[in-house]
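> The structure's right below; bear with me while I get my questions together.
The values are calculated or read from the model by the stated rules, or taken from the named source; none is laboratory data. This is a predicted model, so every value here is computed, not measured. Backbone-built Cβ (ideal geometry, glycine too); neighbour counts: all protein chains shown. Protein only, heavy atoms only, side chains kept; ligands, DNA and RNA dropped before computing areas. Shrake-Rupley method; radii C 1.70, N 1.55, O 1.52, S 1.80 Å.
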Amino acid sequence: MGSTITEKILARAAGRAEVHAGDIIEAQVDLALANDITAPLAIAEFEKAGFTKVFDPARIALVPDHFAPNKDIKAAGQSKKMREFARKHEIVNYFEVGRVGIEHVLLPDMGLVAPGDVVVGADSHTCTYGAVAAFSTGMGSTDFAAAMAWGRVWLRVPESIKLVYSGRPQPWVTGKDLILHTIGLIGVDGALYQAMELAGEAIEGLSMDERFTMCNMAIEAGGKNGIVGFDEKTTQYLQSRPEGSRARTAGKVFASDPEAEYARVLEIDASAVPLTVSRPHLPSNAAAAADLADVTIDQVVIGSCTNGRLEDLRQAASILRGKKVHPDVRVIILPGTQEVCLDAIADGTMQALIEAGCAFSTPTCGACLGGHMGVLAEGERAVATTNRNFVGRMGHPGSEVYLASPYVAAASAVAGHIATPEAVGAGKGGSR
Amino acid sequence: MIFEGTVHKYGRDVDTDVIIPARHLNTSDPQELASHAMEDIDAGFVERVQPGDIIVAHENFGCGSSREHAPVAIKHSGVSVVVAASFARIFYRNAINTGLPIVVCPEAAREAQAGDRLRVDLAAGTVENLTQGKTYDAEAFPPFMQELIDRGGLLPYVKAQLAEGSRS
């Protein structure tokens, strides 16, 4: 009986020769993370339970990215709790405002995740790191508190579903379109409790940034983790992390066996996937962007843990360069990290976006979850490169969010309604 | 444990953003969170809910964000138990970890109507709809989950594991 990559990683972490779907295991944690919303609850539980020390101060990351820079007095209090805990326990990977980024862009970029690692985070989008062939999954605050104390986590080994993407995507079609399309096919609980293994020539052709985007949204199909096999692109990404980092010095490469068992194998023709937009109020409400030209918009958000990497901003800038944001639209850019900002300055991306009329935010989750820095009023409508369009997600429960790629979001910003790059006269191209 | 209460009924894919909107996540205080429970799906919920009441929903209850504030808000609003056709993965863990009783029972979830009286017997694994005069068998928890519940949640379990580790 063969094993999937997810089973192999979990077997390693559980210290067993093999594990299979349905097994309950205790796995060693390579990295545990939380943010300024989830950490304070975890710290309270940690202290209430009487724990006095963390299992390893170098394997915990505390990231004030949601409501930081502090949006109000209460949020400041939450951040303060986390900061004081980080100091007391000498947490190595605490990132203060000014150095902080959006956790799921920052942590892999800092080289904190290696292939074959087990990463658990008190944030649902922790599934992002499957892009580097690691197992990573989101949990709650109490689970994080337990992981901090114990250095282990209980897990039910998930069944895997294999999504095989054949063909070459059309121009402008990105990993974001592929994942929105996929969630449209299988539904918001289509991968409930399961691993989503992404494979096929179209995935091999994706950049690392796009692979992060796709794994990031596994949770939107109910998945436990998303994962992509290790290849030359993974190596290149890992080797360009900071010298001496875990990404460059640790890890173990696993691959699914040909005879591994899958709960389901789904073949998707990537060449037939259109520029895709998910309409309110579920990520599974996928539609072709070209069919939504009558949807006028008030705001565009480009960035977040889903699409806040350099390539995403470059794609947006390639549409907006030399154009102006529509007078009735405001565009907010949520870059993933300070490093992304610096790179976007160096290559002219930031200048093009600012000249087009976009506002640059500090790296924060803020607008994505209706926290701050871009909250929607009643009746307002946004196109966002973020990950969720639930009722009230970006503000008033009477507002609406349409999820899209950076190309479509930028084109929509110019048009004032949902638009494709072609519709705003963008030249030939796209990422392929 | 046996709970009896009035049903508040919801559909499928009730996400944690509507259970407790992010605008209220600048606090960890259970009572404050509870005062906004279900705010964006049912604005009148906190006024209507009585101690012991029961939330009933279709598939994928608690999808979306990992915020543990969601089960905390529900629990401290007075709700005794949530009955659903299925739960999203993280919410399921969080409910057990925070001591919010949950029951998977697709048939009971489908047939219960808002305002029905329900009686949930966790030990017997049954959901009784007193209004409709029907009894349903709930799905049993896997043995490991039941052990966690019996030990009073995850942290007591972890404490026991750590104590054992330091002895050996």
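> Quick one: ranking A:E422, A:E90 by accessible area, 1.4 Å probe, largest first, what do you get? Each step should come with its number before you reach the end.
Details: A:E422 110, A:E90 140 Å².
Output order, biggest surface exposure first: A:E90, A:E422.
> A further question on this structure: Distance between the C-alpha centers of region A:266-315 and region A:178-207? Whole Å please.
Region A:266-315 and region A:178-207 have Cα centres spaced 14 Å from each other.
> Take the alpha carbon atoms of region A:232-263, find their center, do the same for region B:18-67, and report the distance between the two centers in whole angstrom.
40 Å
> Name the aspartates and glutamates eligible as straight-distance cross-link partners of B:K9: C-alpha to C-alpha under 16 Å, and not fewer than 8 places from it in the same chain.
Partners within reach: B:E39, B:D40, B:D42, B:E47, B:D53, B:E59, B:E107, B:E111, B:D116, B:E128.
> Taking the Cβ of B:A34 as the center, what net charge do the other residues with Cβ under 13 Å away carry, scoring Lys and Arg +1 and Asp and Glu -1? It would help to have the intermediate numbers written out before the result.
Numbers: positive: B:K75; negative: B:D29, B:E32, B:E39, B:E47, B:D53.
Result for the neighbourhood of B:A34: -4.
> Say we join alpha carbon atoms closer than 10 Å with springs in a Gaussian network model of chain A; which of A:K224, A:K176, A:K252 then has the biggest fluctuation?
Ranking A:K224, A:K176, A:K252 by mean-square fluctuation puts A:K252 first.
> At 1.4 Å probe size, with no ligands or nucleic acids counted, give the accessible surface of A:L342 in Å², nearest ten.
Spelled out: A:L342, probe radius 1.4 Å, area about 100 Å².
> Could you tell me how far the Cα centroid of region A:361-381 sits from the Cα centroid of region B:125-167, in Å?
Answer, in whole Å: 38.
> Turning to a different aspect of this structure: Taking a ≥ b ≥ c as the square roots of the eigenvalues of the Cα gyration tensor of chain A, is the shape rounded (a/c under 1.5), prolate (a/b larger than b/c) or oblate? Don't skip to the answer; put the middle values down first.
Working: a/c = 1.71, a/b = 1.23, b/c = 1.38.
It is oblate, given that a/c is not under 1.5 and a/b is not larger than b/c.
> Carbon and sulfur together cover what percent of the accessible area of chain A at a 1.4 Å probe radius?
Numbers: 6940 of 13960 Å².
The C+S portion of the solvent-accessible surface of chain A is 50 percent.
> Separate question: Per the Kirkwood formula on distinct C-alpha pairs, the Rh of region A:168-278 is how many angstrom? Each step should come with its number before you reach the end.
Numbers: mean 1/r = 0.0664 Å⁻¹.
Every distinct Cα pair counted, the radius reaches 15.1 Å.
> Of A:P258, A:A270, A:I91, which is farthest towards the positive pole of chain A's charge dipole, taken about the Cα centre with +1 and -1 on the beta-carbons of Lys, Arg and Asp, Glu respectively?
After comparing all options, I get A:I91.
> I'd like the antiparallel share, as a percent to the nearest 5, of DSSP beta bridges with both residues in the protein assembly as shown.
Values: 23 of 82 bridges.
Approximately 30 percent, going by the DSSP bridge assignments.
> In square angstrom, what is the accessible area per residue of region A:117-183 with a 1.4 angstrom probe?
On a per-residue basis, 13 Å².
> Please go through the residue pairs A:K88/A:K252; A:K71/B:K75; A:K176/A:K233; A:K53/A:K81; A:K224/B:K134 and name each one whose alpha carbons sit more than 23 Å apart in this structure. Numbers along the way, then the final one.
Working: A:K88/A:K252 32 Å; A:K71/B:K75 27 Å; A:K176/A:K233 18 Å; A:K53/A:K81 16 Å; A:K224/B:K134 35 Å.
Those over the limit are A:K88/A:K252; A:K71/B:K75; A:K224/B:K134.
> Pick out, from B:P142, B:S77, B:C105, the residue whose Cα sits farthest towards the positive end of the charge dipole of region B:63-162, with +1 on the Cβ of Lys and Arg and -1 on the Cβ of Asp and Glu.
Going by the Cα projections, it comes out as B:S77.
> Buried accessible area for the A:B pair, summed, 1.4 Å probe, in Å² rounded to 100?
Details: alone 15820 and 8410 Å², together 20380 Å².
Counting both chains, the buried surface is close to 3800 Å².
> Moving on. Once every DSSP H run of n ≥ 4 in the protein assembly as shown is given -39500 (n - 2.57) and the sum is divided by its residues, what mean residue ellipticity at 222 nm do you get, rounded to the nearest 500 deg cm²/dmol? Don't skip to the end; give the middle numbers.
On the way: 23 runs with 192 residues, N = 600.
The helix contribution divided over the protein assembly as shown gives -8500 deg cm²/dmol.
> Counting only protein heavy atoms, probe 1.4 Å: which residues of region B:88-113 lose 10 Å² or more of accessible surface in the full assembly compared with their chain by itself?
B:R89, B:I90, B:Y92, B:R93, B:N94, B:N97
> For region A:80-175, just say rounded, prolate or oblate: build the C-alpha gyration tensor, square-root its eigenvalues into a ≥ b ≥ c, call rounded for a/c under 1.5, and beyond that prolate if a/b exceeds b/c, oblate if not. Could the numbers behind the result be given before it?
Values: a/c = 2.74, a/b = 1.54, b/c = 1.78.
It is oblate, given that a/c is not under 1.5 and a/b is not larger than b/c.
> Treating cross-link reach as a plain straight distance, find the aspartates and glutamates whose alpha-carbon is under 16 Å from the alpha-carbon of A:K74, omitting any fewer than eight places away in the same chain.
A:D36, A:D65, A:E84, B:D29, B:E32
> Another question about this same structure. What net charge do the residues around A:G77 carry, taking every other residue with its C-beta under 11 Å from that of A:G77, with Lys and Arg at +1 and Asp and Glu at -1? Mind dumping the intermediate values first?
Details: positive: A:K74, A:K80, A:K81, A:R83; negative: A:D36, A:D72, A:E84, B:D29.
Cβ neighbours under 11 Å give a net charge of 0.
> Something else: Can you give me the % of accessible surface on chain B that is carbon or sulfur? Probe 1.4 Å, all protein chains present, nothing else counted.
Carbon-and-sulfur percentage of accessible area, whole number: 51.
> Here's another thing I want to ask about it. If amide H atoms are built 1.01 Å from N in the plane of the peptide, which residues on other chains or at least 5 residues away come under 5 Å of the amide H of A:S160?
Residues meeting the amide H criterion: A:A195, A:A263.
> Lys and Arg at +1, Asp and Glu at -1: add these up for the other residues within a Cβ distance under 13 Å of B:R119 and post the number.
Working: positive: B:R117, B:K134; negative: B:E4, B:D53, B:D116, B:D121, B:E128.
Spelling it out: positives minus negatives among the neighbours equals -3.
> Can you give me the long-range amide H partners of A:Y165? Hydrogens built in the peptide plane at 1.01 Å from N, cutoff under 5 Å, separation of 5 or more residues or another chain.
A:A199, A:G200, A:E201, A:A202, A:I203, A:I268
> Could you give the size of the charge dipole of chain A about its Cα centre, using +1 on the Cβ of each K and R and -1 on the Cβ of each D and E, expressed in debye and rounded to the nearest 20? Walk me through the intermediate numbers first.
Working: 39 positive and 50 negative charges, 166 e Å.
Rounded to the nearest 20 debye, it is 800 debye.
> Can you compute the charge dipole magnitude of region A:182-231 about its Cα centre, using +1 on each Lys and Arg Cβ and -1 on each Asp and Glu Cβ, nothing else charged? Give it in debye, rounded to the nearest 20. Could the numbers behind the result be given before it?
Numbers: 2 positive and 8 negative charges, 41 e Å.
Computed charge dipole of region A:182-231: roughly 200 debye.
> Please find, in a Gaussian network model of chain B (springs between Cα atoms separated by less than 10 Å), the residue of B:F87, B:F144, B:F61 whose mean-square fluctuation is greatest.
In this elastic network of chain B, the residue with the biggest mean-square fluctuation among B:F87, B:F144, B:F61 is B:F144.
> May I ask for the Rg/Rh ratio of region A:10-120, computed from Cα atoms with Rh as the Kirkwood radius, given to two decimals?
Values: Rg = 15.5 Å, Rh = 15.2 Å.
We get a ratio of 1.02 for region A:10-120.
> A further question follows. Put B:H24, B:H69 in order of accessible area, largest first, 1.4 Å probe: what do you get? Don't skip to the answer; put the middle values down first.
On the way: B:H24 30, B:H69 0 Å².
Ranked from most to least accessible, the order is B:H24, B:H69.
> Next question. Dipole size in debye (nearest 20) for region B:12-168 around its Cα centre, Lys and Arg Cβ +1, Asp and Glu Cβ -1? The partial results should precede the final answer.
Numbers: 14 positive and 22 negative charges, 81 e Å.
Here the size comes out at about 380 debye.
> Additional query: List for region A:181-230: residues with 20 Å² or greater reduction in accessible area, all protein chains versus chain alone, probe 1.4 Å?
Hits at the 20 Å² cut-off: A:V188, A:D189, A:L192, A:Y193, A:I219, A:K224.
> Something else now. Is region A:293-389 best put as rounded, prolate or oblate by its Cα gyration tensor, with a ≥ b ≥ c the root eigenvalues, rounded for a/c under 1.5, and otherwise prolate when a/b is larger than b/c, oblate when not?
Working: a/c = 1.95, a/b = 1.26, b/c = 1.56.
Oblate, because a/c is 1.5 or more while a/b does not exceed b/c.
> A further question on this structure: How would A:M1, A:M148 rank on accessible area, largest to smallest, probe 1.4 Å?
Working: A:M1 145, A:M148 0 Å².
Putting A:M1, A:M148 in descending order of accessible area: A:M1, A:M148.
> Let me ask something else about it. Provide a list, ordered by number, of residues in region B:120-168 showing at least 20 Å² less accessible area with every protein chain present than when their chain is taken on its own, using a 1.4 Å probe.
Residues meeting the cut-off: B:F144, B:M145, B:L154, B:L155, B:Y157, B:V158, B:K159, B:Q161, B:L162.
> Here's another thing I want to ask about it. Please identify the GluC sites (Glu not before Pro) of region A:5-73 that satisfy two criteria: DSSP loop assignment and at most 16 other Cβ atoms within 10 Å. Which are they?
Counting only loop positions with at most 16 other Cβ atoms within 10 Å, the GluC sites (Glu not before Pro) in region A:5-73 are A:E18.
> For a quick check of understanding: with a 1.4 angstrom probe and all protein chains in place, what accessible area in square angstrom does B:E111 have, to the nearest ten?
50 Å²
> Can you find, among A:L238, B:A124, B:G152, the residue sitting farthest towards the positive end of the charge dipole of the protein assembly as shown, where Lys and Arg contribute +1 and Asp and Glu -1 at Cβ?
Going by the charge dipole, the pick is A:L238.
> Using the heavy atoms of the protein chains alone and a 1.4 angstrom probe, what is the accessible area of region A:246-353 per residue in square angstrom? Display every interim value, and only then the final one.
Numbers: 4680 Å² over 108 residues.
The answer is 43 Å² per residue.
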